[in-house]
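Undergrad: My structure is below; once you've seen it, I'll send some questions.
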Amino acid sequence: QVQLVESGGGLVQAGGFLRVSCAASGFTFSAYTMGWFRQAPGKEREFVGAISRSGESTYFAASVKGRFTVSRDNTKNTVYLQMNSLKLEDTAVYYCAAGVGWAVISNPQVYSYWGQGTQVTVST
């Protein structure tokens, strides 16, 4: 049974940092591109960043580029989202997802598996 379980969300002050994790099971983790998306109240789910199967390549949305990084440990079947210099507008539920391919990794439709999400709240 495929599972993606996010953890590490919480409340953080603006300017602070947070790392969220996503533990995968039930599929061949190293064969999948891993992506992070977020959804704020009243807004559509948006792409945050992604990492290739080997971890050699990453890609980020313009809104987080330079502040967020993604890494993965294929020995632990886990992907991480490191968020620095957090802003109020980063408040959202963050989801990890597993997909195949790289060309359109910002498109949620290419992802087959999704986690349940973890809340990140940035306060003043």
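Undergrad: Write down, largest first, the equivalent ellipsoid semi-axes of region 32-76 in whole Å, where each equals the square root of 5 times an eigenvalue of the alpha-carbon gyration tensor.
TA: 22, 12, 8
Undergrad: Measure off 7 Å from each Cα along the Cα-to-Cβ vector at residue 43 and residue 63, then give the distance between these two points in nanometres to one decimal.
TA: If labels sit at residue 43 and residue 63, their model points lie 0.3 nm apart.
Undergrad: Taking the Cα centre as origin and putting +1 on Lys and Arg beta-carbons and -1 on Asp and Glu beta-carbons, what dipole magnitude results for the chain, to the nearest 20 debye?
TA: Details: 10 positive and 7 negative charges, 21 e Å.
I would put it at about 100 debye.
Undergrad: Now for a different question. Taking 0.36 nm per intervening residue step and subtracting the Cα-Cα distance, what contour gain separates residue 119 from residue 73 on full extension?
TA: Stretched fully, the residue 119-residue 73 segment lengthens by 14.3 nm.
Undergrad: Hey, can you find the accessible area per residue of the chain for me, probe 1.4 Å, expressed in square angstrom?
TA: 52
Undergrad: Going Cα to Cα from residue 43, which aspartates and glutamates come in below 14 Å? Please leave out same-chain ones fewer than 8 positions away.
TA: Within the straight-line cut-off, residue 43 pairs with 89, 90.
Undergrad: Mind computing the radius of gyration and Dmax over the alpha-carbon atoms of region 43-104? Å is fine for both.
TA: Rg, Dmax (Cα atoms, Å): 12.0, 35.
Undergrad: How long are the three semi-axes of the equivalent ellipsoid of the chain, in whole Å, if each is the root of 5 times an eigenvalue of the C-alpha gyration tensor, listed from largest down?
TA: Whole-Å semi-axes of the equivalent ellipsoid: 22, 14, 14.
Undergrad: Determine the relative contact order of region 39-98: mean sequence separation of Cα pairs under 8 Å and six or more apart, normalised by residue count, in whole percent.
TA: This gives 29 percent for region 39-98.
Undergrad: Something else: Ignoring ligands, DNA and RNA, please state the percent of accessible area on the chain from carbon and sulfur, probe 1.4 Å.
TA: 47
Undergrad: Here's something else I'd like to know. Which chymotrypsin sites (Phe, Trp or Tyr not before Pro) from region 28-103 combine a DSSP loop assignment with at most 14 other Cβ atoms within 10 Å? Present the calculation step by step, with values, prior to reporting the outcome.
TA: Numbers: sites: 29, 32, 36, 37, 47, 59, 60, 68, 80, 94, 95, 102; in loops: 32, 102.
When the chymotrypsin sites (Phe, Trp or Tyr not before Pro) of region 28-103 are filtered for loop state and at most 14 Cβ neighbours within 10 Å, 102 remain.
The values are calculated or read from the model by the stated rules, or taken from the named source; none is laboratory data. This one's a predicted model, so the numbers in the text were calculated from it and none came from an experiment. We place every Cβ from the backbone using ideal geometry, glycine too, and count neighbours over all the protein chains shown. Surface areas here come from the heavy atoms of the whole protein model, side chains and all, with no ligands, DNA or RNA. Shrake-Rupley method; radii C 1.70, N 1.55, O 1.52, S 1.80 Å.
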